[in-house]
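Undergrad: Here it is: the structure, laid out below.
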Amino acid sequence: MPSNKAKEKSREYWKARNAFSRLDLTVLELDDEALKKRIELNSQAVFQVPDHPHRSKIPVWTLSADQLAPEILSKAKSFCLIETQKMLEFTIDHLKDQKEFAFDIELDNTYSFYDLTSFIQITTTSYNFVIDTIKLFNHVPLLADVLLDQSILKIVFGTQDVLSLQRDFGLRIFPVIDFQNVYKISNAITTEPSLKQVVKDYLDIEIQKQFQTFIWRMRPVPADALLYAQRDAEYLLEAWEVFKSKQKDFFTQNPLTYWHHRQLMLQAYTFPKGHEFRWYFNKAWEQLRSSAELIESFTLYTDMPIFKELHNWRIITGKQRNRSLNYYMSNLDVLKVAILKPKTINDLHECAQKTRELNSDTKDTVLSIISRQNNTQHKRIVEESPDPINIQLDEPEIPPAAVANDDAEVLMEVEISEAENKEESNNKDKIDVEQVYTCQTCARGQKCNLCKKQGPDNPFSVIAYDYWTDTRYNMMDYMNGKVKDRTLQNYFKKHLKRLNRVCANDHLVNQGLQPVRFKTNRGVKARLKAAQFRNTFRNTRRF
């Protein structure tokens with residue numbers, strides 16, 4: 001059972017989340033110039049960044065005695081929300097007079113293809129600054145001189161903040177201390193510690209993370225969210241001061257810790273390696289299996305091309321419009337659309353609820369992708385399916401079929417007489433019109449009504465796509481033992497059982513015999529047995 005403190009924390013967390021969901025917030029978009037820069041960034045194959053200005057000084061850099069001396073922090077710091085260029089210049093002038101400051105950033109990964117810096121929180125001895133980088137996107141590079149000032153020490157928590165400033169604004173930092181790495185080495189921890197753990201250890205304060213999943217592109221920002229943002233940088237600077245007072249000789253006793261910070265300052269940002277579409281497909285398939293929706297699993301392999309093209313469309317459109325991968329359609333929605341293949345906009349809304357928010361052009365694009373893939377897939381089926389007339393069979397035998405009588409078994413032996421051969425040779429025109437197909441799944445060498453049909457009812461059009469080996473299999477490949485995957489074998493086995501039943505009954509009817517009555521479904525049989533057991537149990541007496 002959770003403790004009372006845990007219950008109170010969860011109650012406060014969900015209370016804040018519910019209050020946030022009721023607010024009327026809108027997304028703050030970038031201006032035209034900033035959006036153009038982001039689209040150019042999305043189109044780059046390799047991130048291009050200039051060399052570090054202090055590259056020659058970094059290999060020999062160490063902390064001075066003045067930088068290792070503890071600073072006295074003001075208990076009541078002034079808070080400033082920076083939204084204009086004049087306020088940003090005031091912040092820069094204040095930072096130039098400081099010996100050190102801590103900073104943290106808040107990222108947006110919902111309305112941008114790559115993560116976008118939405119806020120920069122800077123804490124000094126007397127001020128808490130929160131810079132709105134969405135509104136000041138073109139003016140944030142003014143911080144370059146302060147971030148490269150050798151006399152000012154910068155404290156961060158983790159390497160992500162340093163690399164994010166380099167990606168979004170081209171800012172390099174010198175000097176910098178990664179307090180996450182310092183805490184990890186000082187406590188001999190193998191895993192990466194969280195800021196919540198560090199603050200609890202040094203300051204004995206519990207950080208509330210109710211706004212950890214907040215979308216920082218929303219405006220106006222709630223007051224609680226701004227307080228949460230400034231507290232991270234404030235607690236980081238306080239924990240750093242406590243660490244300096246407790247472990248004064250840490251850097252002299254552990255000189256190898258400088259290696260990590262030097263590498264961090266010289267490190268160049270690289271674009272994250274995206275997963276293959278198979279990884280997204282497997283992730284979506286796991287979500288579909290865990291959900292309550294029932295969709296037949298054998299469509300998993302036949303609909304892989306649709307999923308792949310829709311996934312590629314998400315990537316291209318997201319880069320061109322600077323939107324995240326899941327902005328238009330999530331992985332689960334793409335899988336549902338690939339399986340159900342909607343033909344109209346209403347069907348598309350039923351498959352993926354998120355598509356209701358898209359414009360009409362985007363919906364038409366999705367439907368055109370589905371129709372185009374269906375047409376190409378149908379052409380592949382026709383081209384790859386063998387011609388039943390030209391298939392040569394070794395032994396045209398017919399499997400035995402049980403008649404309605406339980407004690408008798410009839411072996412079906414069908415022989416084509418010479419008279420029938422003569423009639424067929426005399427009526428060649430009729431044969432061309434009827435399109436005689438031989439059934440390769442049940443009664444070999446004979447024709448049945450099912451095999452005359454075209455499309456998905458034809459056994460030769462039953463195909464499956466193995467996306468691991470990038471090969472297609474049809475029913476003949478399964479019967480010849482070429483299919484090795486267990487899931488594909490079950491897929492063909494399911495269709496083969498249905499075809500055998502229909503084709504065998506068709507031949508029995510042609511011979512004037514009674515069709516076979518197949519066994520009932522397993523679920524029906526189980527319910528009948530349970531009902532019989534209940535009836536017998538009620539009629540018996542218990543002593």
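Undergrad: Where a ≥ b ≥ c are the square roots of the eigenvalues of the C-alpha gyration tensor, would you call segment 102-147 rounded, which needs a/c under 1.5, or, failing that, prolate if a/b is larger than b/c, or oblate?
TA: prolate
Undergrad: A follow-up question, please. Assuming a viscosity of 1.567 mPa s and a temperature of 4 °C, what translational diffusion coefficient in µm² per second does Stokes-Einstein assign to segment 321-373, Rh being the Kirkwood radius over Cα pairs?
TA: Here the translational diffusion coefficient equals 117 µm²/s.
Undergrad: Let me ask something additional. Is segment 133-183 best put as rounded, prolate or oblate by its Cα gyration tensor, with a ≥ b ≥ c the root eigenvalues, rounded for a/c under 1.5, and otherwise prolate when a/b is larger than b/c, oblate when not?
TA: Details: a/c = 2.63, a/b = 1.48, b/c = 1.77.
Note, shape of segment 133-183 comes out oblate.
Undergrad: Could you please put Thr471, Thr355 in sequence from largest to smallest accessible area, using a 1.4 Å probe?
TA: Highest to lowest solvent-accessible surface, that is Thr471, Thr355.
Undergrad: Something else: Rounded to whole Å, give me the distance from the Cα center of segment 151-205 to that of segment 344-363.
TA: 43 Å
Undergrad: Could you tell me which residue out of Gln208, His261, Gln247 lies farthest along the dipole of segment 160-265 toward its positive end? Charges go on the beta carbon: Lys and Arg +1, Asp and Glu -1, centred on the Cα centre.
TA: It is His261.
Undergrad: Within segment 91-128, which residues have the backbone N less than 18 Å from the label spot 7 Å out from Lys283 along Cα→beta-carbon, could you tell me?
TA: Only 108-116 fall inside the zone, counting backbone N under 18 Å.
Undergrad: Turning to a different aspect of this structure: Would you check the accessible area of Glu309, probe 1.4 Å, heavy atoms only, in square angstrom rounded to 10?
TA: The accessible area of Glu309 comes to roughly 40 Å².
Undergrad: Could you give the nm distance between label points at Gln208 and Leu81, where each point is 7 Å from its Cα heading toward the beta carbon?
TA: For Gln208 paired with Leu81, the spin-label model returns 1.8 nm.
Undergrad: Determine the alpha carbon to alpha carbon distance for each of Lys36/Lys341; Lys75/Lys209; Lys135/Lys200; Lys37/Lys96; Lys57/Lys200; Lys246/Lys273 and list only those over 31 Å.
TA: Too far apart for the 31 Å limit: Lys36/Lys341; Lys135/Lys200; Lys57/Lys200; Lys246/Lys273.
Undergrad: Using a 1.4 angstrom probe and counting only protein chains, how large is the accessible area of Ile72 in Å², to 10?
TA: 150 Å²
Undergrad: How big is D, in µm² s⁻¹, for segment 233-279 by Stokes-Einstein at 20 °C and 1.002 mPa s if Rh is the Kirkwood radius over C-alpha pairs?
TA: Working: Rh = 14.2 Å.
Translational diffusion coefficient: 151 µm²/s.
Undergrad: At 0.36 nm per residue, and after removing the present C-alpha to C-alpha distance, how many nm does the segment from Asn187 to Asp31 gain when stretched out fully?
TA: Working it through step by step, the gained length comes to 51.6 nm.
Undergrad: Could you tell me what percent of the accessible area of segment 56-126 is made up of carbon and sulfur, with a 1.4 Å probe and every protein chain present?
TA: Carbon plus sulfur share of accessible area: 53 percent.
Undergrad: Based on the alpha-carbon gyration tensor of segment 43-151 and its eigenvalue square roots a ≥ b ≥ c, which shape applies: rounded if a/c is under 1.5, prolate if not and a/b is larger than b/c, or oblate?
TA: Details: a/c = 2.01, a/b = 1.16, b/c = 1.74.
Cα axes put segment 43-151 in the oblate bin.
Undergrad: Restricting to Cα atoms and excluding each atom paired with itself, what does the Kirkwood estimate give for segment 121-225 in Å?
TA: One over the average 1/r among Cα pairs gives 16.0 Å for segment 121-225.
The values are calculated or read from the model by the stated rules, or taken from the named source; none is laboratory data. Quick caveat, the model's predicted, so the values are computed rather than measured. With ideal geometry, Cβ positions are generated from the backbone for all residues, glycine too; neighbour counts draw on all protein chains shown. Calculation scope for accessible area: heavy atoms of the full protein, side chains included, ligands and nucleic acids excluded. Shrake-Rupley method; radii C 1.70, N 1.55, O 1.52, S 1.80 Å.
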